[in-house]
Every structure is written in structure tokens, then in C-alpha cells.
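Comments concern the structure below.
Only the coordinates and a few stated rules stand behind these numbers; no lab work does. Predicted model only: the values in this text are computed from it and were never measured. Every residue, glycine as well, gets a Cβ built from its backbone with ideal geometry; the counts of neighbours run over all protein chains shown.
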Amino acid sequence: MVKKIKMTKGQYRKLSKSWLGIIVILGILGFNFYQEYKPVSGSERFEVTLNQCVDGDTAWFDIDGKKTKVRFLYIDTPESTNQIEPYGKEASDYTKEQLANANTIELELNNDGDSEDKYGRLLAWVFVDGELLQKKLAQEGLVEKFYDYGYSYKYKKEIISADRYAKNSHLGIYSGR
């Protein structure tokens, strides 16, 4: 979250009448600018608020007061928006339920690779109450393929293992129906 220092107009006028005051004001403006535009480290989780769920692997979140479209890293769920694919609605409903009922939603950027996709969506790992949502989707058999562009994906092994579990248990897309 962005933390800013706020001043009243009276405090601003009083400080602006001295050199020390001007230095303090410039320091506050610089600090606020840094807080607004500081980069987020790839391995650092940060809390967000759900704005709207799009489908099984995309959602809008409020990040520091800005509405941001986020594409979930590494996974691809069946489509449920423009074209309806088998298990697309199930994947979308599962994601909506997980995000809507979460006490805490956190995002984490990948250390390696691009931070945005070709559509300008932020690419992130999504955590719901401390659990990786991509892994949960895979464990339910709701991931149809993986987007692996040769980067070092931090949670790749966990997701593949969860998908293997779904396959062996005949869940979701592996159920044969």
C-alpha cells in the first residue's frame, strides 16, 4: 500500500515561508512521489482488493487505488467469455468464489520474465488466504494448459504436481465427461 504524508493548507503556507520549510516540503513531495512509483520486488507479496473477476485466469484488482487487470501466471483455464469451452464456466465460477470469499488476496510478481503480457495485463502469482490460486485451480482439474516461456517460474513444480493429482483422480477436465 502507498503511504503518503499529508499536510493541511495552513501547514503548507506556514512552512513555505522559510528555507527549512521549503526543504521539508520538497522532502515530503519526494517521499510521496517515491511511494507512488517505487518498483515492487518480484519475490515480494503485496495485498490487493478484488474489483471484478473476468474468468478462470484473469481478474481486475485495486492496486494502490488503481484498477489493474491481472493475468494469472503460468496457467490457462478453459475459456468462458467470448467462446465457451468445456469446464470454462466451472473454472470461472471457482476463481470467482475463491476471490470473493477470501479474507486476504495477495499478488507476487515472478522474478524472471515479463511483468506484463502482450495485452498489457500484469502477470502475477495470486494468493488467496495464503494459498496459491493457480495450484488450487490445477488441483481441481481446471487448468487446460501451461504457459511456459522458458523462464524460472517459482511455483511451477507445485502446479504441475497439483495437475498430476487432478489427472490421477479424474477431476475436472480429466473426468472424462
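Here the stretch 41-177 was treated as a single set of alpha-carbon atoms; its pair distances binned every 5 Å from 0 give 2, 11, 21, 25, 22, 14, 5, 1, 0 percent. The alpha-carbon atoms of the stretch 115-171 define a convex hull whose volume equals 97 cubic angstrom per residue. Net charge in the neighbourhood of TYR149 (other residues with Cβ under 11 Å of its Cβ; Lys, Arg +1, Asp, Glu -1) is -4. This model, with +1 at the C-beta of Lys and Arg and -1 at the C-beta of Asp and Glu, gives the stretch 65-177 a dipole about its Cα centre of some 80 debye.
Directionally averaged projected area (the stretch 39-101, Cα convex hull): 4.9 nm².
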